[in-house]
Amino acid sequence: MFRPLLLTVILLLTACESEVGGDRQSGVSSKATHPADASIEWFDGTIAAAFEAAESEGKPLFLYWGAVWCPPCQEIKYTVFKSQEFIQLTRLFVPAYLDGDTEEAQAWGEKLGVMGYPTMIVFNPRGEEMTRIPGGIDILRYNTVLELSLNQMRSTASLVQIALEDPTRLSADEFYQLAYYSWFQDTSAVPEDIDKTALFLGLSMSAPEGELSNRFYMNYLLALAENNASKDAGKDGLHADLAIAKRLEKILSSSSLILASWDSLAYSMEDILALPAIDDAHKAGLAALWASSVFDLRFDESLSKSEKLAGWLPRLQLATRDDQRLAEDLQKLLRAELTSADDATPDSFERQSVIDQIGYIYREAGLVNDAKALLLAELEKSASPYYFMSSLGSLAEKNEDFEQALDWRKSAYESSAGEATRFQWGANYVLAMIRMAPEDHQVIAGQASALLSEFHVSGELFAGRNFRTLKRLNENLRSWQEEQEPETLAFLSEIKRLCDDQKEASLQQQSCRSLLLEDALLAKKLVQAS
């Protein structure tokens, strides 16, 4: 059974006041770029050296992967990484910070199977991955997962195998580890041929009653929504519908259960209630209960500023169904609470998360002008204004003001910083051009080619998020080329040249060649079709 880490161990540790954090030049960590990381002693060296240090010191390794512009990353920094208990716990680990724009960061991201920012992974001293921690849970649960990893934690992948064979063999600690695993950010722990819905439902039935069982059940419902397996779940007809409705009613009638699954309940009401396995007779009542229960907990002190605001989302989704306009009294209350949150967040880095959430909530409420005014005002305050420029571009595009939308996308790209970030924002600008101004051949072709020349080390282009961005850009350029027939598109030949420059049999060369093979197969199909 889980026991909190002995306080005497923590009390004996000396808190370090040195300002250590991610350094964009060295690749992992050095001096902090802002006070958010001031009390965590991030490892000063490469990721490879961090793994070596963990092994030689017999300590587990805590890896944080993030980016300066990423709102959820700033959320983590201003909640979890400021928790004194969490800071003390990191003294028992080798904590390594990997910024997505640093050298070899994307290659490491590819090697570790990292898909998005932020990602937090715990490795044992031998470098074997134990678990991944999701965002959106309260600080105490982060601490608990770290404490568990100090007690001979088994890898999540091995626990999944046990769960598939006989979940009753899992201990309470192991159920906890699985309940707070980042399932939807990482798929490697579950074999490809395994149905996640069956896995989560089985875990829900076997786990200790309460918080853990219900987190698994919410993951079961999310998996149904994700892969459209709800048709199978509904084969039992009314019985299956009643079982799901009753379980949701139970969860939504308990404050503690709601808070334990806040990361799904605050954001997924519409997706889950859209399941065919929930009959229409129960959907209206569930929606009303869901909206009111989550809304009533929006000031709970276990929630961060941003997550408190998320308590509005189910209420807004219910109030604006069928394109209904939000009632005036609700608009007034919403504006007052969002303005209060804005005023209470002076730090430019912390604001990245809070303002992003406020803008999202305004849009969900149908208050687009409020969202636009908020984002325009934030450009002067944000440490990463290009992120909000992209949001302004999306608003303009939705309003079919394509000229303004492209201006914002271009400005966002031009003001962005960091190789991986600039490539992502530049690709977004080119993709926006393809959508909104496909006839502008010269600008699209020229800008696409220019993106490739920005990489100091060309191999960085063919790894991690960079490569996923490249694939999406390449696919869209191929379709655009087929439809528009521009005179030249140097982008494709430049990719081939860069591919030839990669080290033989390297990950980068393999990725690049897979891209060229896809292009060749597509070209062959086009010839056959013509």
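The values are calculated or read from the model by the stated rules, or taken from the named source; none is laboratory data. Note that the structure is predicted; figures quoted are calculated from it, not measured. Cβ: placed from backbone, ideal geometry, glycine included. Neighbour counts: every protein chain shown.
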Consider Glu378 carefully, then state whether it is charged (D, E, K, R), in contact (Cβ under 8 Å) with a residue 24 or more places away in the chain and more than 11 Å from Ser391 (Cβ to Cβ).
no
Please work out which one of (1) under 33 Å from the mean Cα position of the chain (by Cα); (2) assigned to a helix (DSSP H, G or I); (3) at pLDDT 85 or above; (4) surrounded by fewer than 14 Cβ atoms within 10 Å (Cβ to Cβ) is the condition Glu482 fails and give its number.
(1)
Can you tell me which residue among Ser304, Ser253, Ser261 is in the same structural domain as Pro208 (by TED's automatic domain parsing), surrounded by 20 or more Cβ atoms within 10 Å (Cβ to Cβ) and in contact with a Ser or Thr (Cβ under 8 Å, 6 or more places away or on another chain)?
Ser304
Six or more apart or on different chains, Cβ atoms under 7 Å: show the pairs whose first residue is in the stretch 385-397 and over 16 Å from Ile358 (Cα atoms) and free of Cβ contacts under 8 Å to residues at least 40 places away in the same chain and whose second is assigned to a helix (DSSP H, G or I) and polar (S, T, N, Q).
Ala396/Gln404
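Which one of Phe86, Phe81, Phe62 is without any contact (Cβ under 8 Å) to a residue 60 or more places away in the chain and not in a loop (DSSP other than H, G, I, E, B)?
Checking each option against the conditions leaves just Phe81.
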Can you report the number of residues in the stretch 90-101 which are in contact (Cβ under 8 Å) with a residue 60 or more places away in the chain and either surrounded by fewer than 24 Cβ atoms within 10 Å (Cβ to Cβ) or of a type in the set (Asp, Glu) (or both)?
4
In the stretch 99-150, residues that are farther than 28 Å from Leu265 by Cα and among the aromatic types (Phe, Trp, Tyr) total 2
Being among the β-branched types (Val, Ile, Thr), over 30 Å from Glu454 (Cα atoms) and either in contact with a helix residue (DSSP H, G or I) (Cβ under 9 Å, 6 or more places away or on another chain) or at pLDDT below 90 (or both), is that true of even one residue in the stretch 106-114?
no
Helices (runs of 4 or more DSSP H) contained entirely in the stretch 209-276, each with at least 2 residues that are under 16 Å from Asp195 (Cβ atoms), at pLDDT 90 or above and not hydroxyl-bearing (Ser, Thr, Tyr):
211-227
Lone qualifier among Phe455, Phe462 - being in contact with a Ser or Thr (Cβ under 6 Å, 6 or more places away or on another chain) and of a type outside the set (Lys, Arg):
Phe462
Find all pairs meeting these conditions: Cβ atoms under 6 angstrom apart; at least six residues apart or on different chains; first residue within the stretch 266-291 and more than 12 Å from Glu249 (Cα to Cα) and without any contact (Cβ under 8 Å) to a residue 60 or more places away in the chain; second residue hydroxyl-bearing (Ser, Thr, Tyr) and assigned to a helix (DSSP H, G or I).
Leu275/Ser230; Pro276/Ser230; Ala277/Ser230
Go over the candidates Lys381, Lys410 one by one and state the one that is more than 24 Å from Asn474 (Cβ to Cβ) and either touching a His at 6+ places or on another chain (Cβ under 8 Å) or of a type outside the set (S, T, N, Q) (or both).
Lys381
Residue among Ala505, Ala490 that is touching a residue at least 24 places away in the same chain (Cβ under 8 Å), more than 27 Å from Val68 (Cβ to Cβ), hydrophobic (A, V, I, L, M, F, W, C) and surrounded by fewer than 16 Cβ atoms within 10 Å (Cβ to Cβ):
Ala490
One residue is enough: does the stretch 178-189 have a residue meeting the conditions surrounded by fewer than 20 Cβ atoms within 10 Å (Cβ to Cβ), under 19 Å from the mean Cα position of the chain (by Cα) and of a type in the set (Val, Ile, Thr)?
yes
Here is a check on your reading of the model: is Glu104 surrounded by fewer than 23 Cβ atoms within 10 Å (Cβ to Cβ) and charged (D, E, K, R)?
yes
Which residues, counting only those in the stretch 105-115, are in contact (Cβ under 8 Å) with a residue 60 or more places away in the chain and in contact with a strand residue (DSSP E or B) (Cβ under 9 Å, 6 or more places away or on another chain)?
Ala105, Trp108, Gly109, Gly113, Val114
Among what's in the stretch 66-103 and is within 22 Å of Gln352 (Cα to Cα) and among the hydroxyl-bearing types (Ser, Thr, Tyr), pick the residue that is modelled with the highest pLDDT.
Tyr97
Among the residues of the stretch 413-432, which ones are surrounded by fewer than 20 Cβ atoms within 10 Å (Cβ to Cβ) and among the charged types (D, E, K, R)?
Glu414, Arg422
Give the residues of the stretch 419-443 that are touching a Phe, Trp or Tyr at 6+ places or on another chain (Cβ under 7 Å), among the β-branched types (Val, Ile, Thr) and within 17 Å of Ser479 (Cβ to Cβ), sorted by residue number.
Ile434
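Quick grid of which residues meet (1) buried (at least 18 other Cβ atoms within 10 Å of the Cβ); (2) of a type in the set (Ser, Thr, Tyr); (3) modelled with pLDDT of 95 or more:
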| residue | (1), (2), (3) |
| --- | --- |
| Arg132 | yes, no, no |
| Val145 | yes, no, no |
| Asp166 | no, no, no |
| Ser204 | yes, yes, yes |
